[in-house]
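Asker: Before I ask anything, let me first share the structure, which is written out below as structure tokens.
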Amino acid sequence: MNWLKLLEILWAWPTVVAIALALFHREVRTLLQRIAATSRAKLGSLELEISSDKPGQPSLPLERIEGKEYRTGVVELDGKEFVRCKFEGVTLRFNATMPVSLQSCSFADVRWELAGPAALTLKFLTGLYAGAGEGGKALVEATFTNVRKGVTPLA
């Protein structure tokens, strides 16, 4: 497989989303643990929208959920728009099969989980970094840098 084809595969929107979550998974978990350790009463807030921005590909309608409180179990994020929802003590699962939106939501004691294509992308990046020599490492590091800068290439 040539590098150009590999880049095309990597920049598909579910892959970019999974890469972003994979890159920040450890950092987000650490940050949430610090917030929880300093004050269990405080809730973190997050604004996030992951959409299909491919040219010529319309965004899928999302199921709108407003003002709901989640306190137990697993919450599937794919295909949903959460507005002013509260997540406490739950597992938030992202598969990268559909867009997701989290607007003015709060979080306390949550666990983030990548599954399906999102988890496969993370495994692919790990393998690329570990087994594709300096070119693989450079590609993964460049991807991390772009994600941290908020740069999302269109596929």
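The values are calculated or read from the model by the stated rules, or taken from the named source; none is laboratory data. What you see is a predicted model; the values in this text were computed from it and never measured. Positions of Cβ are backbone-derived with ideal geometry, glycine not excepted, and every protein chain shown enters the neighbour counts.
Asker: Take LEU48 and decide whether it is closer than 25 Å to GLY150 by Cβ, modelled with pLDDT under 90, among the aliphatic types (A, V, I, L, M) and assigned to a strand (DSSP E or B). Reasoning before the result, please.
Answerer: On the way: closer than 25 Å to GLY150 by Cβ: yes; modelled with pLDDT under 90: yes; among the aliphatic types (A, V, I, L, M): yes; assigned to a strand (DSSP E or B): yes.
Yes; evaluated as a whole, the condition is true for this residue.
Asker: Now, a different point. Does GLU76 satisfy the criteria of being of a type outside the set (Ser, Thr, Tyr) and either modelled with pLDDT of 95 or more or farther than 23 Å from GLY116 by Cβ (or both)? Walk me through how you get there before you give the answer.
Answerer: Values: of a type outside the set (Ser, Thr, Tyr): yes; either modelled with pLDDT of 95 or more or farther than 23 Å from GLY116 by Cβ (or both): yes.
Judged against the criteria, GLU76 is a match.
Asker: A further question on this structure: Taking the criterion of being closer than 25 Å to LEU139 by Cα and part of a strand (DSSP E or B), would at least one residue in the range 87-95 satisfy it?
Answerer: In the first step, residues of the range 87-95 are kept if they are closer than 25 Å to LEU139 by Cα; the result is 94-95.
Then keep just the ones that are part of a strand (DSSP E or B); that gives 94.
Within the range 87-95, one or more residues are closer than 25 Å to LEU139 by Cα and part of a strand (DSSP E or B).
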